[in-house]
Amino acid sequence: MSHEGMPPAEGAPPIGVPGSAPGPADAPAEPLKRPAYEPAARLLRPVRHDPDMPRPAATVAGAVLVLLRALAGLLVGGAIAAAWQAILADPDVELALDGTDLGASDARAVALWIVLGIAGLSVLLDVVFAAFVLRGSNWARVAVMVISVLSISTAFFAWWVQGQEIRVDEAFASLALDILVLLALSSRSAAAYARRNERRPDPAA
Amino acid sequence: MASRRTYSIGVAVDWFFFVFAGLAAIWLAYLSLTETFHVGWWGIPFFLAFWGLLAYLVLPRLHRILTTIYVPDYFIGRTRTSDGLLGDPVNLAFLGTGEQIEAALAAAGWTRADPVTLGSSWRIITSTITRRSYDEAPVSPLFLFGRQQDFAYQQEVAGNPAQRHHVRFWRCPDDWLLPGGRRVEWLAAGTFDTRVGLSLFTLQVTHKIDADTDVERDHIVSTVREADRRVAVDVIADFATGYHARNGGGDSIRTDGDLPIVDVRAVDGGAA
């Protein structure tokens, strides 16, 4: 549809005549206005695709803290191994290895190796995670943060519900490390670095 | 694809960790504060650790979360700090290329600021303590249009790095108009650092600025004009209604609200 079929009346303004047909198709029907509020989805807009982003300090700090956590795990493992006989001598601790026909001293050695194996595995995992975080892997960053959140939550409930004291000792150091790891890796720059290669539809396009 | 998702679930997960880490950091700060009273003389380093935790990790994160909620994310004539707080006021506009602006400032006796790195941060700390001159000292990042400044220039005062004139520049997005409809190519925020102090909002060590930002604005315009007579200046009077406010460090600001538009398009840029 157009106005070409009927010639406009002499002197009549081309637009704004009451009752006339809608304006030409190229004019926007409604002026483009910005919303007066910012929708919540705006907060969740994807980060910029930027593969050349330099590594931020927060990512380096996070990886170093994860390595420190591994080192702390190593120290704790060593301390357990050194004090193993004393720990077992505690009458509250009872070693129960069902279904084995090992002697008492063999059982103690096996239990020690199991404990050290678990500790060693977590140390190894932390070292691998630290390497991947430094390279900017997002899954490693999220995995480290999930572990930290679980560990912090456990410590918090023990402190809040059970009234366990957190004094200046290993418990405080490991909690502080967990929280600092979480702070560093959840920062905006570390997140942007880990997601620098994500190609998402650009909301502005 | 009918409707493309404009939000990212991964970013939502990041927000969860961001807020959780903020809450956990508050708890850690509380624990280290209460420990301060248990460990005798060791309480002094513990108290310093508490301050460091509070000033550089806990309060910035809290401000980031809260300002995301309450500070509008469009142009309101103010820059924002990296924590999202309102920073120095935008008090200058420029027409011309980045090279032309840099050439005009260099001719007027201004020095380009170094980028913030570990090395330059260490040098500004040592030069402030020993009162040595560091005329390319970096300036802290401020944000406009969601971006850090493109470049910053400064002028030292009598060899004292605690005091300096400085001005940061942002390139406006294409087709962006000032409120009121004028087209400018660059916006700038100039303030005068008077001394080193603690920020009111984050307790971080920072430069305190002179409250009368109009003096610094007029100083920038007059030095650039005196150095090169081809520079033209047009003023939008009462662009920002004269306001009294605070910047990101909690320093008060007074201004008459005029916005000079400095036209450096006649300057030879880049010396090429």
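Figures for the structure shown
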{"item": "Listed peptides B:223-229, A:184-190 by packing density, highest first (mean Cβ within 10 Å)", "result": "A:184-190, B:223-229"}
{"item": "Positive minus negative residues near B:V264 (Lys, Arg vs Asp, Glu; Cβ under 13 Å)", "result": "-3"}
{"item": "Rounded to 10°, Cα long-axis angle of helix B:213-227 versus longest principal axis of chain B", "result": "40"}
{"item": "Surrounding net charge for B:Q100, when Lys and Arg each add one and Asp and Glu each subtract one, Cβ distance under 9 Å", "result": "-2"}
{"item": "Peptide A:185-192, shielding by other chains (average Cβ, 10 Å cutoff)", "result": "5"}
{"item": "For A:137-148, mean number of other protein chain Cβ atoms within 10 Å", "result": "2"}
{"item": "Relative packing of B:252-263, B:76-87, which averages over residues the other C-beta atoms within 10 Å, highest first", "result": "B:76-87, B:252-263"}
{"item": "Cut-off of 10 Å, at most 11 other beta carbons, DSSP loop: longest stretch of chain B lacking such chymotrypsin sites (Phe, Trp or Tyr not before Pro)", "result": "B:75-272"}
{"item": "Chain B: most fluctuating residue of B:G250, B:G180, B:G22 per GNM, C-alpha cutoff 10 Å", "result": "B:G180"}
{"item": "Segment B:V157-B:L198, length gained on full extension (0.36 nm per residue, minus Cα span)", "result": "12.7 nm"}
{"item": "Helix B:98-107 vs. chain B, principal-axis angle (Cα, 0 to 90°, nearest 10)", "result": "80"}
{"item": "Phi to ³J(HN,Hα) by Karplus 6.51 cos²θ - 1.76 cosθ + 1.60 over segment B:114-127, Hz, x for Gly, Pro", "result": "5, x, 6, 10, 4, x, 6, 5, 4, 5, 6, 5, 5, 6"}
{"item": "Cα gyration tensor shape of segment B:1-99, rounded if a/c is under 1.5, else prolate or oblate by comparing a/b with b/c", "result": "oblate"}
{"item": "Helical mean residue ellipticity (222 nm; -39500 (n - 2.57) per DSSP H run of 4+; nearest 500) of chain B", "result": "-10500 deg cm²/dmol"}
{"item": "Partner chain coverage, peptide B:61-67 - average Cβ within 10 angstrom", "result": "1"}
{"item": "Cα gyration tensor category, rounded, prolate or oblate, for chain B with a/c compared to 1.5", "result": "oblate"}
{"item": "Neighbourhood charge, 13 Å Cβ-Cβ cut-off, centred on B:L198 and excluding it, Lys, Arg +1 and Asp, Glu -1", "result": "+1"}
{"item": "Residues whose placed amide H lies under 5 Å from that of B:T255, excluding near-sequence neighbours", "result": "B:Y243"}
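Every number here is computed from the coordinates shown, using simple stated rules; none is lab data. Everything quoted here is computed from the prediction, not taken from an experiment. Here Cβ is always computed from backbone atoms with ideal geometry, including for glycine, and neighbour counts include all displayed protein chains.
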